[in-house]
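The values are calculated or read from the model by the stated rules, or taken from the named source; none is laboratory data. Computed from a prediction, not measured in an experiment: that's the story for all the values here. We place every Cβ from the backbone using ideal geometry, glycine too, and count neighbours over all the protein chains shown. These area figures cover heavy atoms from the full protein model, side chains too; ligands, DNA and RNA do not enter into them. Shrake-Rupley method; radii C 1.70, N 1.55, O 1.52, S 1.80 Å.
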Amino acid sequence: MQVIPEEVLRQRIGEDQAFAAVKRAFRALANGKVRQPAPMALDFPERRGEVHVKAAFIEGSPVFAIKVASGFLANTDEGIDSGSGLLVVHDARTGAPLAILADNGYLTDLRTGAAGALALDLLAPPRVRRLGLLGTGRQGRHQLRAMARVRTLEQVNVWSPTAERLSAFCEEMSAELSLPVTGAPSAEAALRNADVVVTTTPTRSPIVKLEWLVPHVTLIAVGADGSHKHEIETSVLKRADKVIADDWSQCIRMGEIHHAIVAHALELNRIHSELGKVLTGERSGREGDEMIVCDLTGVGAQDAAIAEHAWRTLCEPAQMV
């Protein structure tokens, strides 16, 4: 069994590969070609920490993957990175483990950013005059990098509750992407008049209000990847013209759709589509000046697809038992 370290994965697997893998995952989901159990979660409130375990098999693949990803926010108080994790690639014929992708959470970050870019590509208007971003952590960076590859972003306004991190983020991403990334004094200021809103925070209390949003906004919700996380007021989903799930069965148990259903602000029959069905053309995406909310809770198929790509790129097929 091979062990592939983080530095090798970072050198060989990037945004383009992640975007292709995520498209494959969502197309397979839309076509009923994915086997994946519900995610498992383990919480560590004393460390503001959580661990997610996700697994999936894409039919026709020679391998399947099991992913463990953790986020311990208390680590940042000690100068330690908050995110970590790894993926284990198994032979789909024998079940034998073939490789450990010791990515330290990199592939999870990469595929999550790619899913946000796919949602943007499928649901947002061709011109994005202003993008409002909440959150300046690892995922905020990955979302912005990936989205800049599928759209020209004319202006990005960002908010974080930590002034030092906000300033560093804006300086870094402006230079890296050669576009204006400006810090906002409040979440409201970041989102006012934004054509696209992206949320990447771990908050458990909503910070996005309906009155801040323009009627044609594309809102891509990334942070609420558990039943306890909640970034968006349920009135936003109640008002939305279209609500899109990454995975219908998962979103009714966690994320923004889950909270809206519990609050009786959204009925199941108002979930317009899964993202994969928009990708395949089975369901419509944007049709004019609509308010669209896309709830990205993160699905195992994304992990299986990017893990397979990394395994095919970096490991010897002769390792198959």
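Its alpha carbons considered, the chain gives a radius of gyration followed by a Dmax of 18.7, 58 Å.
Across Leu166, Leu123, the residue with the most accessible area heads the list, and the full order at a 1.4 Å probe is Leu166, Leu123.
Computed from backbone phi, the HN-Hα couplings of the stretch 203-210 come to 5, 10, 10, x, 10, 10, 10, 4 Hz, rounded to whole numbers (Karplus: 6.51 cos²θ - 1.76 cosθ + 1.60, θ = phi - 60°; Gly and Pro given as x). Extent of the stretch 120-179 along its three principal axes (Cα atoms, max minus min coordinate, largest first): 33, 20, 18 Å. Full extension of the chain between Asp241 and Val51 yields a length gain of 65.0 nm, computed as 0.36 nm times the residue separation minus the alpha carbon distance. Oblate is the label for the stretch 59-154. Its Cα gyration tensor axes, ordered a ≥ b ≥ c, give a/c of at least 1.5 and b/c at or above a/b. Averaging 1/r over every pair of different alpha carbons in the stretch 1-104 and inverting the result gives a Kirkwood radius of 15.3 Å. Once you order the gyration tensor axes a ≥ b ≥ c over the Cα atoms, which shape class does the stretch 93-148 get: rounded for a/c under 1.5, otherwise prolate or oblate by comparing a/b with b/c? Note, shape of the stretch 93-148 comes out oblate. Going by accessible surface with a 1.4 Å probe and the largest first, Thr234, Thr280 read Thr280, Thr234.
With the gyration tensor restricted to C-alpha atoms of the stretch 211-298, the semi-axes of the equivalent ellipsoid amount to 18, 16, 11 Å, longest first. With the whole protein complex present, Ile66 retains an accessible surface near 60 Å², based on a 1.4 Å probe. Taking the chain as a Gaussian network of alpha-carbon nodes connected by springs under 10 Å, the highest mean-square fluctuation of the residues Ala99, Ala117, Ala224 belongs to Ala99.
A 1.4 Å probe, protein heavy atoms only, puts the accessible area of Glu172 near 70 Å². With a Förster radius of 51 Å applied to the C-beta separation of His264 and Thr94, the computed FRET efficiency comes to 0.60. Accessible surface of Lys23, taken over heavy atoms with a 1.4 Å probe and every protein chain present, rounds to 60 Å². Per residue, the chain reaches -10000 deg cm²/dmol at 222 nm when only DSSP H runs of four or more residues are counted, each adding -39500 (n - 2.57). As a fraction of the 1.4 Å probe accessible area of the chain, surface on carbon and sulfur atoms comes out at 52 percent. Rolling a 1.4 Å probe over the heavy atoms of the protein chains gives the chain an accessible area of 41 Å² per residue.
In terms of the Cα gyration tensor, with a ≥ b ≥ c the square roots of its eigenvalues, is the stretch 82-224 rounded because a/c is under 1.5, prolate because a/b exceeds b/c, or oblate? It comes out prolate by the Cα gyration axes.
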